[in-house]
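Worksheet for the structure shown next.
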Amino acid sequence: MSALLISCLIFFLTAIAQAGEIQVAVSEVNDNRTTGQYFGGLELKLKVISDMISDAKGLKLHINKAVDNTGRNLIKDDKMDKDFTKPEENMPGQAELTIKLKNPARKATSIKEISGEIIVYIPNKDPNSTAYIKDFTNQAGNPLQHQTLKAAQVEITVLTKKQYDEMKAAKEKSAKEEASKMGIAGEMAQALLSMFGDIFEASENSIILDIKDEKKKVIAIEFDDEAGQKISSYGTMTMGDIKAYDFDKPIPANARIVVFLSTPKSFIREPMKLTNIALP
């Protein structure tokens, strides 16, 4: 069957919703409608504005209703709740969130309604949601000791470069064996392994963490200098339980790691409803 493919990217502010203290507006609609089961879909970007976001370390959406003007349900079958999105550092009080939905009906001209709630994570509402650990680089190779981490059943280990390289070599070996089982060999296999190595390469300035967090309590991790000023990384890499933070120079020996954890008191939930969003 031939596919009808409509791919249109538009920028506008419309369908503004007031959710308590939070203002939400659709800023972008990407309609990639197709008759096929795969590849198509609808993506919306929302601009979220609120003074409370200035103190937030993360936001996410929980959508419980999304229908087009023909009545088609647009909520995907897979889990809609994703990881928390960080607020925009250079624009205090603002954040951008993305919603990914199923294909609207071919005859649909608008999204009749999207409703649910915005979940804002504000750690300063609960002192038990934050663990500050000084001189953490001196504890490399062993789980970091902190009562807040223990209470949350979270274990974080700072890996040495040697430990990480050994772990990466084991992952590469496993990937090679998996490629062999799939019949991938020769130059293609070598190219894939080379790409794997490049992606997961860590420098001498990287901080590499092995995070055991079965209950998904960790919302964010930051690094501060001795004066409490944030040390920004220029990139992060995630490989299973391993997370690497890259810095342009060695992190100070007296720096501290700050782990932000989920607690009931650290969240604010606001209802959100958008209606009559035009489709391109």
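Pairs to check: 57/102; 168/212; 86/161; 76/125; 161/243. Give those whose C-alpha atoms are more than 22 Å from each other in this structure.
57/102; 86/161; 76/125
Rank the residues 135, 51, 210 as a footprinting-exposure proxy: fewest other Cβ atoms within 10 Å of their Cβ go first.
Starting with the residue having the fewest Cβ neighbours, the order is 51, 135, 210.
Mind giving me the nanometre distance, one decimal, between the label points for residue 124 and residue 90, set 7 Å out from Cα along Cα→Cβ?
2.4
Give the Kirkwood hydrodynamic radius (Å, one decimal) of the stretch 207-265, defined as one over the mean of 1/r across all pairs of different Cα atoms. Display every interim value, and only then the final one.
Numbers: mean 1/r = 0.0793 Å⁻¹.
When all Cα pairs of the stretch 207-265 are included, the Kirkwood radius is 12.6 Å.
Got a sec? Which residues in the stretch 41-79 would a label at residue 222 touch, if it sits 7 Å along Cα→Cβ and we count backbone N under 17 Å?
Counting only backbone N, you get 51-60.
Measure off 7 Å from each Cα along the Cα-to-Cβ vector at residue 25 and residue 134, then give the distance between these two points in nanometres to one decimal.
Taking the simple label geometry, residue 25 and residue 134 are separated by 4.6 nm.
Averaged over all directions, how much area does the convex hull of the C-alpha atoms of the stretch 106-172 cover when projected, in nm²? Don't skip to the end; give the middle numbers.
Numbers: hull surface 41.0 nm².
The orientation-averaged projected area of the Cα hull of the stretch 106-172 comes to 10.2 nm².
Please give the contour-minus-distance gain from residue 161 to residue 98: 0.36 nm per residue of separation, less the Cα-Cα distance, rounded to one decimal in nm.
19.2 nm
Ranking 26, 120 by Cβ neighbours within 10 Å, fewest first, what do you get?
26, 120
Assuming 0.36 nm per residue, please report the length gained on full extension of the stretch residue 115 to residue 254 beyond their Cα-Cα distance.
45.4 nm
Where a number appears in this text, it was derived from the coordinates with a stated rule and is not lab data. These figures come from a predicted structure and were not determined experimentally. Heads up, the Cβs are rebuilt from the backbone with ideal geometry, glycines too, and the neighbour counts pull from every protein chain shown.
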